[in-house]
Amino acid sequence: MEFLCLAPTRSFSTNPKSTKVIPSDHTSTTSRIFMYQNMRGSTIRPSALPLKMSRIVSVPDITAPVENVPAILPKVDPGELIVNKPTGGDSDELFQYLVDILASPVYDVAIESPLELAEKLSARLGVNFYIKREDKQTVFSFKLRGAYNMMSNLSREELDKGVITASAGNHAQGVALAGQKLDCVAKIVMPTTTPQIKVDAVRALGGDVVLHGETFDEAQTHALELSEKDGLKYIPPFDDPGVIKGQGTIGTEINRQLKDIHAVFIPVGGGGLIAGVATFFKQIAPNTKIIGVEPYGAASMTLSLHEGHRVKLSNVDTFADGVAVALVGEYTFAKCQELIDGMVLVANDGISAAIKDVYDEGRNILETSGAVAIAGAAAYCEFYKIKNENIVAIASGANMDFSKLHKVTELAGLGSGKEALLATFMVEQQGSFKTFVGLVGSLNFTELTYRFTSERKNALILYRVNVDKESDLEKMIEDMKSSNMTTLNLSHNELVVDHLKHLVGGSANISDEIFGEFIVPEKAETLKTFLDAFSPRWNITLCRYRNQGDINASLLMGFQVPQSEMDEFKNQADKLGYPYELDNYNEAFNIVVAE
């Protein structure tokens, strides 16, 4: 399907700065709290840009069934602004949000996190790039702010009964810490697929952990059932005014720490953080742009703003698991509609590159969702050639699963453009491999996989090289072509990065072979459950699996399925309930495992 999405053209440039004041209906009241002056910014003037949106389903009624269609936005470049047209909202309600944000007691548990100038990023991009270090909180995430603010406003009677929430990560730790501080039993329902390190962290903070279901949705359903049955107050991860106001305290800190900000970039999952920060900034410093950042595979807020109502994603990429939300909140969506300037999207390799950027700055490692805003801010500055502006990005967390680091490392070089993943066809004869190595020249190898196979006229080599200048890479590919060695750049083909580079030499001439990539939960017995559904009905020709440190894993499979049995095969795959995609269309299969 195709929609028309408003976004600026590539020739976008910022308007000259102009000094503006808060509208008169806000000024007199706001001055009772603080007087903010010299609020500067620039205005985006969008033009229409066609945007293809596939793999989504729009459901105004959130109880409607969701079809199995994945979620990507392939026509939008990383960092390209998808403009929102804010409605402004109700001034009295927004002012009450502002008062409550300024009066929030979050500092009972939170620190005022530092706003640090990233010198290397600033020099590379030509801007003053600041990182708001919410990863420095005691639970290594901003989430304790919203949880504590909401819980601190409960009555003693409600606290004595206890609270409950569902979470697989940072919100769970925030609720557990708030419960400890407020002398309240905090029950946390977590999916059985939650990494043990996160379960242990919640228990260490006094949380009463209940493991239930394989997905967050199943855990949340169970938590809501227990809330009603046992009379426990449910503490949502994002969709509550109290939570939003707690997260909004980050906006007050940024505004105290730095003035004359061009844009603040905020990671978006359910929308609580951006709703809170936007509610503050758009009343106090309205010319500062508030821009949300989402991964391509978890773009629920982007699509919801475009559609004008909440859009539920059928499948969500869990690489940045802290922002992997299928449906944004009702309150948070309303605030984003009213206030934010737009959204940008980033790929997983860009997120990984941002993690490396932060590590290079100060030897700190963010979690994948914690680096989303930094990736978006850097991509935005590069896309629009922003210079000499103050840019702020919120580093939202540092609860990185150690087992995920290997994938982040693999993607980081590709995302930064400092590495390239290439495939070269080479005539198999004496001396040809030496010629190939000579043509690579000064682009040093970081990885190389080669295996001769008699099934091909030409041998295939998959390899990674360091890249200092893009022109050097382009020249090398042209030199290869001139020497009859066709070379493809597969740097941004995630299927290659995840699986196919391990399968060089695995080509085989098999009739009726199809390939599928299945997203399965990371837990014991998953592979057995999967195989029981297909074997021995269809012959399995290929299998590759690697634990990536996520809640879900990618399983690459090959099957022999005659065309006459394809409908039966798809029905069986659908009944299994795991998101999947048949990958025969992918160019990588045509050069690695297919004939």
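Within the stretch 112-141, restricting attention to residues that are at pLDDT 95 or above, of a type in the set (A, V, I, L, M, F, W, C) and outside any strand (DSSP E or B), which residue is most open to solvent (accessible area, probe 1.4 Å)?
123
In the stretch 526-533, is there at least one residue being among the aliphatic types (A, V, I, L, M), open to solvent by 40 Å² or more (accessible area, probe 1.4 Å), at pLDDT below 75 and farther than 25 Å from residue 461 by Cβ?
Yes: one or more hits.
Among the residues of the stretch 286-304, write down those that are closer than 18 Å to residue 97 by Cα and open to solvent by 10 Å² or more (accessible area, probe 1.4 Å).
Within the stretch 286-304, 286 is the sole residue that qualifies.
Output the qualifying pairs, or none if there are none: Cβ atoms under 9 angstrom, residues six or more apart or on different chains, first residue in the stretch 76-88 and among the charged types (D, E, K, R), second residue open to solvent by less than 10 Å² (accessible area, probe 1.4 Å) and part of a loop (DSSP other than H, G, I, E, B).
80/8
Test of understanding: among 254, 266, 250, which residue is in contact with a strand residue (DSSP E or B) (Cβ under 7 Å, 6 or more places away or on another chain), assigned to a strand (DSSP E or B) and either closer than 21 Å to residue 112 by Cβ or touching a residue at least 24 places away in the same chain (Cβ under 8 Å) (or both)?
After applying the criteria, what remains is 266.
Please indicate, with yes or no, whether at least one residue in the stretch 43-64 is buried (at least 16 other Cβ atoms within 10 Å of the Cβ), assigned to a loop (DSSP other than H, G, I, E, B) and modelled with pLDDT of 90 or more.
no
Name the single residue, out of those in the stretch 540-569 being surrounded by fewer than 20 Cβ atoms within 10 Å (Cβ to Cβ), hydrophobic (A, V, I, L, M, F, W, C) and at pLDDT below 80, that is nearest to the chain's Cα centre (by Cα).
543
Which condition does residue 366 not pass, out of (1) open to solvent by less than 10 Å² (accessible area, probe 1.4 Å); (2) assigned to a helix (DSSP H, G or I), if it passes all the others?
So residue 366 meets the others, but not (2).
Could you check, for the stretch 407-428, whether at least one of its residues is over 14 Å from the mean Cα position of the chain (by Cα) and free of Cβ contacts under 8 Å to residues at least 12 places away in the same chain?
No, every residue in the stretch 407-428 fails to be over 14 Å from the mean Cα position of the chain (by Cα) and free of Cβ contacts under 8 Å to residues at least 12 places away in the same chain.
Only residues that are open to solvent by 40 Å² or more (accessible area, probe 1.4 Å) and at pLDDT 95 or above: list them for the stretch 234-258, please.
256, 257
When you check residue 335 against the structure, is it in a helix (DSSP H, G or I) and open to solvent by 20 Å² or more (accessible area, probe 1.4 Å), yes or no?
no
The values are calculated or read from the model by the stated rules, or taken from the named source; none is laboratory data. The model shown is predicted, which means the values in this text are computed figures rather than measured ones. Note: ideal-geometry Cβ built from the backbone for every residue, glycine included; neighbour counts use all protein chains shown. With ligands, DNA and RNA removed, areas are computed over all heavy atoms of the protein, side chains included. Shrake-Rupley method; radii C 1.70, N 1.55, O 1.52, S 1.80 Å.
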